[in-house]
Each structure stands twice: as structure tokens, then as C-alpha cells.
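Notes follow once the structure below has been shown.
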């Protein structure tokens with residue numbers, strides 16, 4: 001697989017930036033290695049994160065007026081924060097304001113930013129987890145107040161918002177956000193109820209594997225399919241994040257979390273290696289779906305059974321067993337606290 005040259009901000013312009021993503025999508029489709037060989041793809045993914053960050057920085061500088069942008073810090077959320085973005089990943093982000101720019105002043109430019117970034121390959125978040133939503137915008141004081149409210153009313157919605165804040169990195173240095181992250185991590189780690197909610201409401205029964213070990217294909221009019229994100233990647237990523245919070249692991253990237261959990265003896269080395277292989281397989285398969293969607297308009301998340309070679313199906317089944325074991329591990333570890341409803 002030949003990697004495109006990373007185009008950095010000084011050399012980007014709108015017309016060129018719109019073509020950069022296509023070049024990286026085309027490159028991932030050149031990967032013809034066996035489903036067990038992820039080395040070429042790993043090089044692509046690491047380089048692609050650098051290109052993705054350059055495109056994001058370019059868009060932020062180009063499409064948001066200076067008068068607004070100077071008072072705001074862009075916080076990457078989700079896969080972008082973890083360094084796991086793929087060509088069709090959502091544009092998840094939060095905003096920290098220094099107090100000189102209000103939400104009313106910023107919302108219009110931020111909405112325009114989101115619309116414009118689609119041309120650069122950044123899809124709007126379907127869950128509305130982004131700065132133009134007042135829930136994800138505010139001064140440091142606003143953020144601390146919001147966190148206290150979530151902690152005071154620990155329903156599943158509040159739990160999800162707090163866990164989302166654990167997968168976050170500023171696009172530029174932002175000291176206040178570091179304090180916010182420390183606060184959220186300490187609150188979650190000290191709450192058996194929040195940890196139980198993520199294990200049993202967010203992870204349990206999400207792995208796409210039947211009880212007898214068969215792949216859980218989903219039915220659709222056009223044929224059976226498998227959702228790579230929801231049935232393989234998300235359960236693993238969320239389970240590793242949960243273990244990382246419980247183990248006071250500071251890393252944000254999932255692979256780095258696995259490494260630190262292994263060093264802390266919270267994961268067996270052999271099992272950790274299997275988890276890493278499952279992640280690489282899932283990212284690789286999903287990246288190919290994203291690239292094919294960009295080229296031919298197919299579904300970016302559904303792997304159709306009829307289009308999946310048998311060797312890849314067999315490999316998928318192996319990795320789903322690993323994901324299922326991880327799911328069971330966190331469900332056993334984080335049990336419902338006594339007295340909790």
C-alpha cells in the first residue's frame with residue numbers, strides 16, 4: 001500500500017483540501033493483504049491521523065472568523081480524540097470558551113463550520129455531540145457546573161455524557177480542559193454505579209455474536225449485514241475505556257490504554273494481544289467500508305455478508321469471540337452496587 005504525502009496546513013487550500021481525503025480513501029483500498037496481516041494498514045492509520053488533524057486545523061482556521069475563534073478552544077471527541085478517525089468518522093467536538101464569546105455569538109459560525117467541513121470528509125455527528133449544541137459549549141465554569149449536574153442525577157444519559165468527556169483532546173493547548181478531564185475521571189472512578197451502568201447498559205449484549213459462537217448477521221431488504229462499529233469496535237473501545245478509568249490509566253488512545261492496562265496487570269498479555277488484533281481488524285474493515293462508500297455510495301457502516309470473503313468471515317468470528325470475552329470480563333468486574341435501583 002502506497003501512502004499519500006501528508007499535506008500540511010500552510011499548503012492547503014479549499015479546493016485541494018477537498019481532494020486530500022479522496023486520496024487517502026483510495027489508498028486504503030490498495031490493501032490486499034490477508035485479514036490477519038494488519039501491518040500495512042497500521043501504517044496507513046497512523047499517517048491518516050496526521051492528515052486528518054491537518055485538515056481539521058485548516059478548516060477551523062479557515063471557516064471560523066478570527067473574532068470568534070480567538071475566544072474558543074476546539075476539543076476533539078470520540079475517535080478523533082483517540083487517534084482512530086476513519087474517512088467517514090463523525091465530526092464530534094466540544095467547545096471551551098474563555099468568556100469573551102457567548103454561545104449566541106458562536107452558534108452561527110459553528111454551524112457553518114460543520115456544514116463546510118463535510119466537503120473535507122468530516123461527517124456531521126448524528127447524535128448532535130458537537131459545539132453548536134449548548135450541552136457541549138461553555139466556559140470552564142459552565143463545564144464544571146454541568147459535570148456536577150450530571151453527577152447529581154446519575155441516570156444513563158448523564159453517565160453517557162461523562163464517559164464521552166473521557167475521550168477528548170484539545171486541538172490546541174487548553175489547560176482548563178485538563179482540569180475538567182481530571183475531575184470527570186475521578187468522579188467516574190469513585191462511582192460504582194456509573195461504572196456498572198456503562199458495563200451493563202452500554203456494553204452488555206452489544207457484541208455481534210450468538211450464544212453458540214456464530215456471527216450475528218442482521219437482516220435487511222438487500223441481504224444480511226454486519227455493523228462493524230456497533231457490533232465489534234464500540235464494545236471493545238468502551239470496555240477498554242471503562243477498565244482504564246477504573247485503573248486510573250491516563251491514556252486516551254485505545255491501543256495505549258490496552259498497553260497501560262497490561263503493564264498494570266489488569267489484562268493478561270496474551271488476551272491483550274488478541275484485543276489489539278481485534279481492534280486492527282475492525283478498524284481495517286471499517287476503513288474499507290468508508291472508502292468504498294466514498295467511491296460508490298454504498299453504506300459506510302454495513303458489511304454485507306454476500307460481499308465478505310470466507311477468510312474474512314472466519315477472522316471476524318475469531319475477533320468477535322475476543323470481544324465477547326472482554327464484554328463478559330467488564331460485566332463480571334462492574335456489578336450493580338447494593339441498594340441501587
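Throughout, read-outs are computed from the coordinates displayed, never taken from laboratory work. The structure displayed is predicted, hence computed values, not measured ones. Quick reminder, even Gly has a Cβ in these numbers, built from the backbone with ideal geometry, and neighbours come from all protein chains shown.
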For a label point 7 Å along the Cα-to-beta-carbon line of residue 305, residues of region 180-219 with backbone N under 11 Å
215-219
When you count, for each residue, the other Cβ atoms within 10 Å and take the mean per peptide, how do 169-176, 126-133 rank with the highest first?
126-133, 169-176
Taking only C-alpha pairs under 8 Å that are 6+ residues apart, what is the relative contact order of region 137-219 in percent?
25 percent
Just report the Cα centroid separation between region 124-174 and region 1-79, whole Å.
25 Å
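Length gain on complete extension for the stretch residue 26 to residue 264, per 0.36 nm per residue less the alpha carbon to alpha carbon distance?
Details: separation 238, 0.36 × 238 = 85.68 nm, distance 3.94 nm.
So the chain would gain 81.7 nm between residue 26 and residue 264.
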Residue with peak Gaussian network fluctuation, the chain [Cα springs, cutoff 10 Å], from 199, 291, 141
141
Quick check on region 191-341: what does the Kirkwood estimate of hydrodynamic radius come out to from the alpha carbon pairs, in Å?
16.2 Å
Region 191-341: relative contact order from alpha carbon pairs under 8 Å, six or more residues apart, as a whole percent, is 38 percent
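Taking the Cβ of each residue in 113, 226 as the centre, tally the other Cβ atoms inside 10 Å and list the residues starting with the fewest.
Numbers: 113 25, 226 22.
Least to most surrounded, the residues fall as 226, 113.
Between residue 50 and residue 212, take the C-beta separation as r, use R0 = 41 Å, and let me know the FRET efficiency to the nearest 0.05.
After rounding, the FRET efficiency stands at 0.45.
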Contact order relative to length for the chain, counting C-alpha pairs under 8 Å separated by 6 or more residues, stands in percent at 19 percent
Arrange the following residues from fewest to most other Cβ atoms within 10 Å of their Cβ: 277, 167, 248.
248, 277, 167
1/(1 + (r/R0)^6) with r = Cβ-Cβ of residue 11 and residue 141, R0 = 45 Å, i.e. FRET efficiency to nearest 0.05, evaluates to 0.70
Final fewest-first order of 216, 229 on the 10 Å Cβ neighbour count is 216, 229
